[in-house]
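Undergrad: I have a structure here, written as structure tokens, and I will follow up with some questions on it.
The values are calculated or read from the model by the stated rules, or taken from the named source; none is laboratory data. Everything numeric in this text was worked out from a predicted model, so none of it was measured. We place every Cβ from the backbone using ideal geometry, glycine too, and count neighbours over all the protein chains shown.
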Amino acid sequence: MFNKNKLASGIVVALAAGLSPAVLAANAAISLGSTPLYYSPEAKGTATVVTADVSVFTLGQDLVVNDEVWLTASGALNAATEWPANLVVCAPDDDANTITMTRYSNTTTLGKYRLTTKTDGVDGTAYTTCGKTTVQGAPTQTEDATNDALTLVGANIVLAGQDVAYTTQASVSITMATKTTGGGQIDVDAAATPLVWQADELTASVTTSFDGKIDVDQSEKALTAATDIVAVAFADAADGVNADYNSATIAIAGDWSWMDSDATTAGMQIATTTHGTATHAVTGTGNSCTALANGQFNAAMSTWTIPCTIEVDGSVTTTITPDAQLTGGAIPEQTYTVTVSTVYDTANTTAGVTEIPVAALTAFGSWAKNNASLIAYSVPFSTSVTRMLWVANVGTTAAAVTASVEADGVTYGPYAMGNAAGQSQLAIGQLLDTALAGDAAWVAAAYTSRANVTVTAATSTTNVVLSAGYYSTGDKDRQMVETSDSLN
């Protein structure tokens with residue numbers, strides 16, 4: 001039976017839409033806001049609608065015949081008629097009640113509804129409330145608190161002008177007001193935030209980057225730590241949105257020719273026992289990546305494309321292991337970049353809807369040689385002195401040497417100084433002077449004060465010793481200068 005004095009009532013409005021669907025989420029009371037539903041371009045896919053969710057506005061008091069409910073959208077609808085003609089009402093009592101809300105006025109932003117029918121039912125019968133059939137008990141049973149609400153169920157509402165560029169979308173809110181037939185306010189208005197635009201529902205990010213060192217003591221055909229690891233993490237930004245990962249492609253750009261075991265045949269031929277291996281560890285149930293194969297590299301060996309199945313949040317961790325017995329060229333110093341694209345499923349389309357890439361990333365780390373790098377500090381560059389710089393290579397393999405000068409915040413060089421043969425000395429003082437004399441920028445600077453000289457050698461630090469000093473051209477008075485060797 002209806003309680004004419006006080007009836008805890010609620011309104012549920014389910015709204016389905018296109019790219020910007022006005023979909024309400026749960027509202028605890030008419031005077032409170034709702035939990036928003038997030039949506040994204042991925043959620044739309046190629047569909048025109050997105051599955052609706054239901055939201056509840058709980059009223060403060062009972063409505064009678066001719067009372068009204070006004071729904072106002074913060075953005076214009078495509079057409080005024082997209083407000084549903086009737087709002088289906090779920091009965092609040094433990095009997096089969098009939099309540100009808102009919103639209104009598106509508107614009108592109110406002111739909112007005114009037115309570116036109118309100119009939120008391122029979123206790124103890126079955127009835128449908130918000131899409132759920134419930135059989136109530138005997139007529140003397142008290143009201144079920146979970147069904148003690150008046151609910152209104154809406155239909156499809158599409159915001160005007162929203163099927164446009166993804167970046168121009170905005171959040172949408174619907175305000176509900178209850179009115180008397182004369183327009184007076186019954187309850188405090190409720191403003192729900194049913195929809196929040198989320199530009200990237202599905203995302204990928206680099207969590208671990210390449211940072212390996214190419215071992216110059218192994219002819220630059222291996223890494224000092226044997227392996228290097230990179231990782232890409234996949235994440236679905238929020239619950240309630242309508243897209244799921246189906247698959248992903250990770251494309252790593254760089255020079256991969258060092259993995260080619262047959263330089264005379266076009267394309268990539270990998271011999272994992274002599275040219276390195278790559279394995280993928282993938283977290284998340286249902287996630288996997290295809291094993292390393294020749295066909296994953298383009299003809300120029302400048303892009304490595306890894307196909308993966310990504311069904312849930314997780315990460316792809318790739319371990320690269322170059323081998324010291326590489327028969328091809330040396331591993332080049334380089335910076336790697338990566339692009340991640342996805343195929344994903346939406347709630348309203350068939351599997352395999354391809355949309356915009358999840359991420360076009362640039363930072364994927366780099367590999368550099370573990371060259372020895374030594375510094376001679378405060379070397380004078382006055383024309384009245386002669387510089388003495390010696391590189392001692394105590395290793396057995398020749399090492400290419402370069403030198404650069406850092407003066408007043410400017411770096412000049414690096415300049416090639418030739419090779420330091422194994423177990424020999426290389427004098428680079430005069431070679432450096434000649435290189436500087438040929439550098440127009442150095443000549444224009446006319447620098448005559450002291451500066452640091454950085455010397456690199458293509459061998460490990462333990463194989464190289466740097467000695468530095470100078471003497472006065474006039475009196476031959478010799479002075480030593482500090483080096484990074486002498487300070488350690």
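Undergrad: Quick check on the stretch 356-377: of everything there that is under 17 Å from I428 (Cβ atoms) and not hydrophobic (A, V, I, L, M, F, W, C), which residue is nearest to the chain's Cα centre (by Cα)?
TA: So, considering only residues that are under 17 Å from I428 (Cβ atoms) and not hydrophobic (A, V, I, L, M, F, W, C), the one nearest to the chain's Cα centre (by Cα) is N371.
Undergrad: Which residues, taken from the stretch 219-228, are surrounded by fewer than 20 Cβ atoms within 10 Å (Cβ to Cβ) and touching a residue at least 40 places away in the same chain (Cβ under 8 Å)?
TA: Result: S219, T224, A226, T227.
Undergrad: Quick check on this structure: which one of P307, P332 is at pLDDT 90 or above and part of a loop (DSSP other than H, G, I, E, B)?
TA: Every option except P332 fails the conditions.
Undergrad: Just checking, how many residues over the stretch 473-488 are polar (S, T, N, Q) and at pLDDT 90 or above?
TA: Qualifying residue count, the stretch 473-488: 3.
For (1) of a type outside the set (S, T, Y); (2) in a strand (DSSP E or B); (3) out of contact with any strand residue (DSSP E or B) (no Cβ under 7 Å at 6 or more places or on another chain); (4) modelled with pLDDT of 85 or more, each residue gets a yes or a no:
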{"site": "I174", "(1), (2), (3), (4)": "yes, yes, no, no"}
{"site": "A199", "(1), (2), (3), (4)": "yes, no, yes, no"}
{"site": "D217", "(1), (2), (3), (4)": "yes, no, yes, no"}
{"site": "I229", "(1), (2), (3), (4)": "yes, yes, no, yes"}
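Undergrad: The conditions are (1) surrounded by 14 or more Cβ atoms within 10 Å (Cβ to Cβ); (2) not in a loop (DSSP other than H, G, I, E, B), and Q430 fails exactly one of them. Which is it?
TA: Checking Q430 against (1) surrounded by 14 or more Cβ atoms within 10 Å (Cβ to Cβ); (2) not in a loop (DSSP other than H, G, I, E, B), the one that fails is (1).
Undergrad: Considering only residues of the stretch 95-125 that are in contact with a strand residue (DSSP E or B) (Cβ under 6 Å, 6 or more places away or on another chain) and of a type in the set (G, A, S), which is modelled with the lowest pLDDT?
TA: Selected residue: A96.
One line per residue, one yes/no per condition, for (1) among the acidic types (D, E); (2) in a strand (DSSP E or B); (3) under 22 Å from I214 (Cα atoms):
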{"position": "S404", "(1), (2), (3)": "no, yes, yes"}
{"position": "G418", "(1), (2), (3)": "no, yes, yes"}
{"position": "V453", "(1), (2), (3)": "no, yes, no"}
{"position": "T462", "(1), (2), (3)": "no, no, yes"}
{"position": "V465", "(1), (2), (3)": "no, yes, yes"}
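Undergrad: Separate question: Pairs only if they're at least six apart or on different chains, beta carbon under 9 angstrom, first in the stretch 378-392 and free of Cβ contacts under 8 Å to residues at least 24 places away in the same chain and of a type in the set (A, V, I, L, M), second in a strand (DSSP E or B) and surrounded by 13 or more Cβ atoms within 10 Å (Cβ to Cβ); list them, first residue then second.
TA: none
Undergrad: Hey, any hits in the stretch 252-265 for a residue that's assigned to a loop (DSSP other than H, G, I, E, B), under 30 Å from E201 (Cβ atoms) and touching a strand residue (DSSP E or B) at 6+ places or on another chain (Cβ under 9 Å)?
TA: Yes - at least one qualifying residue is present in the stretch 252-265.
Undergrad: Report whether or not G422 is surrounded by 14 or more Cβ atoms within 10 Å (Cβ to Cβ) and at pLDDT below 95.
TA: yes
Undergrad: Within the stretch 382-406, restricting attention to residues that are aliphatic (A, V, I, L, M) and crowded, with 20+ Cβ neighbours inside 10 Å, which residue is farthest from the chain's Cα centre (by Cα)?
TA: This residue is M388.
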